[in-house]
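Structure record follows, encoded as structure tokens.
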Amino acid sequence: MTELKIDVTGETCPVPLVELRKALRKASPGEIVEVVGTHPASKKEIPMAVEALGSELVDVDEKDGVWKIKIRK
């Protein structure tokens, strides 16, 4: 299974969500997209948007202010 990684560290809304949407469009069904960032609002927004985008939230992890969110298309 391939993983698509997007790094939006230092970016603020709406950039992380826009980049996630682009990545999900490119991803194949079942593929994992990992988003890495630092913006606290995006950490809340992305999981809420995942369902609306028809994808599945796999994991949310945060360490030292950097979060990683994994989404399965």
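Based on this model, can you work out whether Glu11 counts as assigned to a loop (DSSP other than H, G, I, E, B) and surrounded by 13 or more Cβ atoms within 10 Å (Cβ to Cβ)? Can you show your working first?
On the way: assigned to a loop (DSSP other than H, G, I, E, B): yes; surrounded by 13 or more Cβ atoms within 10 Å (Cβ to Cβ): yes.
When the stated conditions are applied, Glu11 passes them.
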Original post:
Residue check: is Pro47 surrounded by 13 or more Cβ atoms within 10 Å (Cβ to Cβ), at pLDDT 95 or above and touching a His at 6+ places or on another chain (Cβ under 8 Å)?
Top reply: no
Conditions (1) assigned to a helix (DSSP H, G or I); (2) surrounded by fewer than 18 Cβ atoms within 10 Å (Cβ to Cβ) -> Lys5 fails only (1)
By residue number, the members of the stretch 18-28 that are touching a strand residue (DSSP E or B) at 6+ places or on another chain (Cβ under 9 Å) and either surrounded by fewer than 17 Cβ atoms within 10 Å (Cβ to Cβ) or modelled with pLDDT under 95 (or both) are Lys22, Lys26
Taking the stretch 31-45 and keeping only residues that are of a type in the set (Ser, Thr, Tyr) and either more than 13 Å from Val15 (Cβ to Cβ) or in contact with a Pro (Cβ under 6 Å, 6 or more places away or on another chain) (or both), one is left with Ser42
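When you look at Asp64, is it in contact with a strand residue (DSSP E or B) (Cβ under 6 Å, 6 or more places away or on another chain) and not β-branched (Val, Ile, Thr), yes or no?
On the way: in contact with a strand residue (DSSP E or B) (Cβ under 6 Å, 6 or more places away or on another chain): no; not β-branched (Val, Ile, Thr): yes.
Judged against the criteria, Asp64 is not a match.
Let's see how each residue does on (1) over 17 Å from Glu3 (Cβ atoms); (2) more than 9 Å from the chain's Cα centre (by Cα); (3) outside any strand (DSSP E or B); (4) not small (Gly, Ala, Ser):
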site: Lys22; (1), (2), (3), (4): no, yes, yes, yes
site: Val36; (1), (2), (3), (4): no, no, no, yes
site: Pro47; (1), (2), (3), (4): yes, no, yes, yes
site: Val50; (1), (2), (3), (4): no, no, yes, yes
site: Val58; (1), (2), (3), (4): no, yes, no, yes
site: Trp67; (1), (2), (3), (4): no, yes, no, yes
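The values are calculated or read from the model by the stated rules, or taken from the named source; none is laboratory data. A quick note: this is a predicted structure, and the numbers were derived from the prediction, not measured. All Cβ positions, glycine included, derive from the backbone under ideal geometry; neighbour counts span all protein chains shown.
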